[in-house]
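So the structure is just underneath, and the comments pick up after that.
The values are calculated or read from the model by the stated rules, or taken from the named source; none is laboratory data. Only a predicted model underlies this, so the values are computations on that prediction, with no experimental measurement involved. FYI the Cβ positions are ideal-geometry reconstructions off the backbone, even for glycines, and counts take in every protein chain you see. Heavy atoms of the whole protein, side chains included, go into the accessibility calculation; ligands, DNA and RNA do not. Shrake-Rupley method; radii C 1.70, N 1.55, O 1.52, S 1.80 Å.
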Amino acid sequence: QIVISADTQKAIGNIEKVTSSLSSIGNATNKGIKPMGKATDALKKIDTALSAALLKVTKYASGAFKESNDYVESINLFNVTMGKGTEAAQKYANELQNLMGIDSKEWMSYQGSLNQMLVGFGTAEDKANEMSQQLTQVAYDLSSVWNVDVSEAFHKVQSGLSGQVKGLKTWGINLSVAQLRETALAHGITLSTAKMTEQQKATLRYITIMEKTKNVQ
């Protein structure tokens, strides 16, 4: 906004130069062509300055609109997926932003996506809300520990939850079938993973992720 204002002031200054040049034209005789040339140059400068200022205003407005639109979309996704837990979850996201500087829009987008996945697997709404919140926190923790962008950590967690093991395995978090069997047995579950529902396997992956990331949480 300061830059745009400065460009506008520059344009106004050039307008004043044009006025001065036009005044000189009126008083000129044999040198009439020279002031006209100055006026033309000044008009060109005005056109350039105003065009640059208008372009910056347009870019700023476009960026602001996109950011606002992205925020609305994140809120809509959050409201749809979180159900009755929306208010409490949004309050938690805002508290994180105030205390830790975490972008609440970004947080809600991540948690909403994880929650939607869990609900899609058949997880009960209240459990899905709790699990998605904890997994989102794990993504931020992993981002900090491995010094990567949060989006990269989030996509690894999201992929792991869906059954794709390669992403998190690079960070030592094993979600293979053999590991899921170990997790199940450790919790007294004898049912074979081959006979489990998608919701049961997703829960096992969630438990495994949480247990394998204790040192970074």
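First compute the accessible area of the range 63-217 with a 1.4 Å probe, then give the percent of it belonging to carbon and sulfur atoms.
Solvent-exposed carbon and sulfur of the range 63-217 make up 51 percent of the total.
Rounded, prolate or oblate: pick one for the range 78-205, where a ≥ b ≥ c are the square roots of the eigenvalues of its C-alpha gyration tensor, a/c under 1.5 means rounded, and failing that, prolate if a/b is larger than b/c, else oblate.
Taking the square roots of the gyration eigenvalues as a ≥ b ≥ c, the range 78-205 is oblate.
Taking 7 Å along the Cα-to-C-beta vector as the label spot, tell me the Glu87-Val148 distance in nanometres, rounded to one decimal.
3.8 nm
Have a look at Asn174, Ser132, Gly160 and report the one farthest towards the positive end of the charge dipole of the range 62-217, computed about the Cα centre with Cβ charges (Lys/Arg +1, Asp/Glu -1).
Most positive-ward Cα: Asn174.
Multiplying the sequence separation of Thr190 and Met100 by 0.36 nm and subtracting their Cα-Cα distance, what value in nm do you get?
Length gained between Thr190 and Met100: 28.2 nm.
Can you bin the range 89-130 into rounded, prolate or oblate? Criterion: square roots of the alpha carbon gyration tensor eigenvalues sorted a ≥ b ≥ c, rounded for a/c under 1.5, prolate for a/b above b/c, oblate for the rest.
Prolate shape, in that a/c is at least 1.5 and a/b is the bigger ratio.
Hey, what do the phi angles of the range 151-167 turn into as Karplus ³J(HN,Hα) couplings, whole Hz, using 6.51/-1.76/1.60 and θ = phi - 60°, x for Gly and Pro?
Whole-Hz 3J(HN,Hα) from phi for the range 151-167: 4, 5, 5, 4, 5, 5, 5, 4, 5, x, 5, 7, x, 8, 8, 5, x.
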